[in-house]
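In what follows, a structure is listed as structure tokens, so that the remarks can point back to it.
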Amino acid sequence: MVLTFPHMGQMYIPAKAFFEEMGIETIPPPPVTKKTLELGTKYSPELVCLPFKINLGNYIESIEKGADTIVITGSCGPCRFGLYGIVQVEILRELGYDVDMLILDPPREDYPKLMENLKKLGEGKDFKTVSRAARKAAPIVIMCDKLYELAVYKRAREKTKGDTDRILNEFEAATEKIHGADGIAKLLKQYKEELKQVPEKKGYKPIYIGLVGEIYTLIEPYVNLNIEQKLGLLGVHVDRNMRVDWWVRTHLLPDIPLRIKEKIILRRGQPYLGMCIGGHARQTIAHSIDYARKGYDGIIQVMPFACMPEVVAQSILPSVSKDKGIPIMTFTVDELTGDGGYNTRLEAFVDTIKQRKRKDKGRKRYNG
Amino acid sequence: MGECELYLGIDVGSVSTNIIVMDKNLNVLEKNYIRTQGRPIQILKESLMELSSNLPLRSTIAGVGCTGSGRELAGAIVGADVVKNEITAHGMAAITFLPDTSTVIEIGGQDSKMIIIRNGIITDFAMNTVCAAGTGSFLDRQASRLNIPISEFGELAEASKAPVRIAGRCAVFAESDMVHKQQMGYEVEDIVKGLCIALVRNYLNNVGKGKEILPRVVFQGGVAANRGIKNAFEDMLGTEITVPEHYDVMGALGAAILAREETKKSKITKFRGFERLKDDFISTSFECNGCPNMCEIVEIKIGNQIVARWGDRCGKWAEAQ
């Protein structure tokens, strides 16, 4: 078995470490590029959402490098994500690729099937090996997100534009040549130190923008047209409510404090959207309220074109914006690679916030 | 009296390129509205050259501002003091000329915007670039299909007594609806008015979704010349719509105003001068092979000197100028 998985931001770094610790041969897909998008759109149903197409492109590129098994998480909610793995494997087989698709659905849906898939995935490894690999890979998820969090902080404040991204690019190139959790951990530490050294502008107070929306679009920079980097280069401190470590900690790890915190945040969204409608619509609304409470200056919702849960959230957000007095903009992405229109909107949004801030100086800010 | 200080505002849109020259008291001396025709560099050079010969003697350009989707390109060619997005530029112009503006409706060739202003500050905006049904190009196309000059479109709509309902959600639906109604024998003016109403309905539902539209409402952009659209807005919003004197070049005007602010601080303009515009500008593009992103890099050269590069994600080309 040669394993692969779809890309989602920097998720490939801990995922690769985990499977390598397990002793499973893994081929992470090449970074998402125009070619990935082209392959994906060519073979996907035209009307399906963008993440589906990028996933499919990833698989094909990985298979051509030698992968024969794909692992993907599943879902049985009302959102189309639940169909991804099932439809994608059909498409791949029709294209003549003999691949196996291991879909990991939530345990409450089909427990025996999940166990069967996990057993296949584990290749008969004993429990000790698996738990050892998990224990080694889990800190990497968190370290990796911490590195990118630091990058966001530095990018908004860096003295010389581009310093932060240069270091990140070097880091990403370096991960390709390193195998195993220990090596990756060392690399993460090394680049974190380097990032810390990036000189900052003295006394600069950035504006704060919170990103909410569909999880994949938020996390995968190719798909969201590098929104984090673009805002960062405009001198904005960005935070997003979805991270890989957040997902792992609230779904896989027994991180009780974070789960409770998340529950409290979700409860605040209740008056606007009282139930789960699939995807992360509830989180989008609840976290928008949370950002407003923390004193953020603006919120941007990011979603793929025609994403059902986020479309619902989009129509609720103007009420949140009005009640909480915070500007909210929606950013819909599709197969576009020309980013002119997006840059205009981001720049205008930042301008608007700056003007607003000049008007009501002295509002309290939450730092943290 | 010394030399007269002038400010240049350039708005390079996808369909038209607008250039204005104003003095420091906001009097517009020159106004140039031309089609971009897919050749922004050449069009810009030609019209600037033409403009320079019309300027008063003993005058200097004290500041240049660029806006529109081609703003980076234009900024690199002329040497701009300010390169700003269209929203800020349009909003700035409206606030400067009509300080009590609360809402700006702007419909251009390829996009439409709504800018919400409160107490002289842009507080919110919406912009639509994906949908063609709410833009000037669509009106243009339908006018030519009906064989009506676009300048008479508005008058014709005003003559209608019983507008036909046209689907406005999507340009494709609208067009097939129009063809269908025309084949059923409806009057052209009723179809035209129906189209105006459909466009306004689509704009308000799409761009104006969830926005509080308060008077004074200012209507800018090329489409503001169309009285049919203006009337449809007035009917639907139940408020008077103001079309400013320079409605068609408000973006360029805003850019010039921003340039005036900027040069007040910097004291010196980055404008290259009209003479340098005679030089050959060469724009080339290539694919970077540094990583699998394969970014398309655009490079602008004057002679052998590289004046600007963009298109890269990592910034290595933009830096290496």
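The values are calculated or read from the model by the stated rules, or taken from the named source; none is laboratory data. Values in this document were obtained by computation on a predicted structure and should not be read as measured data. Heads up, the Cβs are rebuilt from the backbone with ideal geometry, glycines too, and the neighbour counts pull from every protein chain shown. The protein model used for the area step is the full one, side chains on, heavy atoms only, and it has no ligands, DNA or RNA in it. Shrake-Rupley method; radii C 1.70, N 1.55, O 1.52, S 1.80 Å.
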> What about A:Pro28, is it closer than 30 Å to A:Lys128 by Cβ, within 14 Å of chain B (Cβ to nearest Cβ) and part of a loop (DSSP other than H, G, I, E, B)?
Replying inline: yes
> Within the range A:282-317, can you find the residues that are of a type in the set (Ser, Thr, Tyr) and more than 11 Å from A:Tyr272 (Cβ to Cβ)?
Replying inline: A:Tyr291, A:Tyr296
> Mind checking which pairs have a first residue in the range B:300-313 that is within 29 Å of A:Thr33 (Cβ to Cβ) and a second that is acidic (Asp, Glu) and open to solvent by less than 40 Å² (accessible area, probe 1.4 Å), Cβ under 8 Å, 6 or more apart or different chains?
Replying inline: B:Ile306/B:Glu299; B:Ala308/B:Glu299; B:Arg309/B:Glu299
>> Every residue in the range A:261-300 that is out of contact with any Asp or Glu (no Cβ under 8 Å at 6 or more places or on another chain), among the hydroxyl-bearing types (Ser, Thr, Tyr) and crowded, with 22+ Cβ neighbours inside 10 Å, please.
In response: A:Ser288
> Of the residues that make up the range A:155-171, is at least one closer than 30 Å to A:Cys79 by Cβ and under 24 Å from the mean Cα position of the chain (by Cα)?
Replying inline: no
> Is the range A:161-183 home to any residue that is farther than 24 Å from A:Pro30 by Cβ, open to solvent by less than 70 Å² (accessible area, probe 1.4 Å) and in a helix (DSSP H, G or I)?
Replying inline: yes
> Say we look at the range B:86-100 and pick out the residues that are surrounded by fewer than 24 Cβ atoms within 10 Å (Cβ to Cβ) and either in contact with a strand residue (DSSP E or B) (Cβ under 9 Å, 6 or more places away or on another chain) or not β-branched (Val, Ile, Thr) (or both); which of these is nearest to the other protein chains (Cβ to nearest Cβ)?
Replying inline: B:Ile95
> Which residues, counting only those in the range A:315-325, are under 16 Å from A:Tyr291 (Cβ atoms) and not in a loop (DSSP other than H, G, I, E, B)?
Replying inline: A:Ile316, A:Leu317, A:Pro318, A:Ser319, A:Val320, A:Ser321, A:Lys322, A:Asp323, A:Lys324
> Out of all the residues in the range A:75-91, which are touching a helix residue (DSSP H, G or I) at 6+ places or on another chain (Cβ under 6 Å) and either without any contact (Cβ under 8 Å) to a residue 24 or more places away in the chain or of a type outside the set (Ser, Thr, Tyr) (or both)?
Replying inline: A:Cys76, A:Cys79, A:Gln88, A:Ile91
> Which one of A:Leu195, A:Leu218 is free of Cβ contacts under 8 Å to residues at least 60 places away in the same chain, more than 14 Å from chain B (Cβ to nearest Cβ) and in a helix (DSSP H, G or I)?
Replying inline: A:Leu195
> Counting residues that are assigned by TED's automatic domain parsing to the domain that holds B:Val188 and not charged (D, E, K, R), which strands (runs of 3 or more DSSP E) fully inside the range B:53-146 reach at least 1?
Replying inline: B:103-107, B:112-118, B:121-128
> Of everything in the range A:221-234 that's over 18 Å from A:Thr284 (Cβ atoms) and in contact with a Lys or Arg (Cβ under 8 Å, 6 or more places away or on another chain), which residue is most open to solvent (accessible area, probe 1.4 Å)?
Replying inline: A:Leu233
>> For the range A:198-215, give me each residue that is assigned to a loop (DSSP other than H, G, I, E, B) and either surrounded by fewer than 20 Cβ atoms within 10 Å (Cβ to Cβ) or aromatic (Phe, Trp, Tyr) (or both).
In response: A:Val198, A:Pro199, A:Lys201, A:Lys202, A:Gly203, A:Tyr204, A:Lys205, A:Pro206
>> Can you say whether A:Ala151 is open to solvent by 20 Å² or more (accessible area, probe 1.4 Å), within 14 Å of another protein chain (Cβ to nearest Cβ) and of a type outside the set (S, T, N, Q), as far as the supplied structure shows?
In response: no
>> Out of A:Lys119, A:Lys136, I need the residue that is out of contact with any Cys (no Cβ under 6 Å at 6 or more places or on another chain), loosely packed, with under 14 Cβ neighbours inside 10 Å and either in a helix (DSSP H, G or I) or of a type in the set (A, V, I, L, M, F, W, C) (or both). Which one?
In response: A:Lys119
>> Any residue at all in the range B:110-120 that's away from chain A (no Cβ under 14 Å) and either of a type in the set (A, V, I, L, M) or open to solvent by 10 Å² or more (accessible area, probe 1.4 Å) (or both)?
In response: no
> Within the group B:Gly251, B:Gly228, which residue is crowded, with 16+ Cβ neighbours inside 10 Å, within 14 Å of chain A (Cβ to nearest Cβ), in a helix (DSSP H, G or I) and not aliphatic (A, V, I, L, M)?
Replying inline: B:Gly251
>> Can you report the number of residues in the range A:329-357 which are over 26 Å from A:Ile54 (Cβ atoms) and free of Cβ contacts under 8 Å to residues at least 60 places away in the same chain?
In response: 5
> Hey, any hits in the range A:281-297 for a residue that's over 24 Å from A:Val152 (Cβ atoms) and either among the hydrophobic types (A, V, I, L, M, F, W, C) or at pLDDT below 90 (or both)?
Replying inline: yes
